[in-house]
1. Given labels modelled 7 Å from the Cα in the Cβ direction, how far is it in nm from Ala160 to Ala18?
2. If r is the Cβ-Cβ distance from Ala69 to Arg44 and R0 is 25 Å, what FRET efficiency results, to the nearest 0.05?
3. Given a 1.4 Å probe and every protein chain left where it sits, what share in percent of the accessible area of the stretch 14-68 is carbon and sulfur?
Amino acid sequence: MTAPPDEPEAAAGDGSRAETEWFTEVVREYAGALVRYFARRGPRQDAEDLAAEVFATAWRRREDVPREAVLPWLYRTAGFTLANHRRKHVDLPVDEVPESGGSRVADDPELSALFDAELRGALQSVGERDRRILLLHAWEGLDGAELAAVLGISRSGADAALSRARKRLREAWGERLTF
């Protein structure tokens with residue numbers, strides 16, 4: 001990943017020294033986590049560029065980034081960035097656009113990395129939102145307030161969503177193991 005510009009305020013035109021120092025520390029602290037996030041979810045060769053795009057957004061919207069929850073804000077932005085990136089590479093006529101945002105498990109590097117076919121099948125059957133919640137929790141280690149920030153819901157809502165997603169995964173797993 002390329003280093004942040006020496007003088008971000010020269011690029012943006014209006015950053016103070018304190019903002020520049022804050023941003024430099026954010027990049028230093030979270031660049032690896034974001035690159036890994038993208039490498040697990042998309043083409044590895046795009047991971048650094050996508051992470052850089054998230055940091056560019058963070059710099060432009062630095063006043064909106066909650067100082068007490070920077071990483072969840074970055075992950076939420078990363079999710080939007082990845083969705084936009086995927087849309088750029090899908091050429092579908094408007095009449096063929098699916099109603100739901102269901103993704104194909106075979107095309108998802110994150111799910112393909114899960115070596116157990118039964119688990120992949122169970123994860124596929126729980127639905128995209130539940131799968132996203134489960135993977136943010138399991139792969140990214142998000143829980144509670146961080147998960148809530150990424151999902152854009154309350155802490156209790158995130159806890160309930162995680163609980164429901166776990167329940168659905170257990171049920172799907174149980175159904176797959178029943179002969």
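1. Label-label distance for Ala160 and Ala18, simple model: 3.8 nm.
2. Once the sixth-power term is evaluated, E becomes 0.35.
3. 45 percent
The values are calculated or read from the model by the stated rules, or taken from the named source; none is laboratory data. None of the values given here were measured: they were computed from a predicted structure. Reconstructed Cβ throughout: ideal geometry from the backbone, glycine too, with neighbour counts over all protein chains shown. We work out accessible area using only protein heavy atoms, side chains counted, and drop any ligands, DNA or RNA first. Shrake-Rupley method; radii C 1.70, N 1.55, O 1.52, S 1.80 Å.
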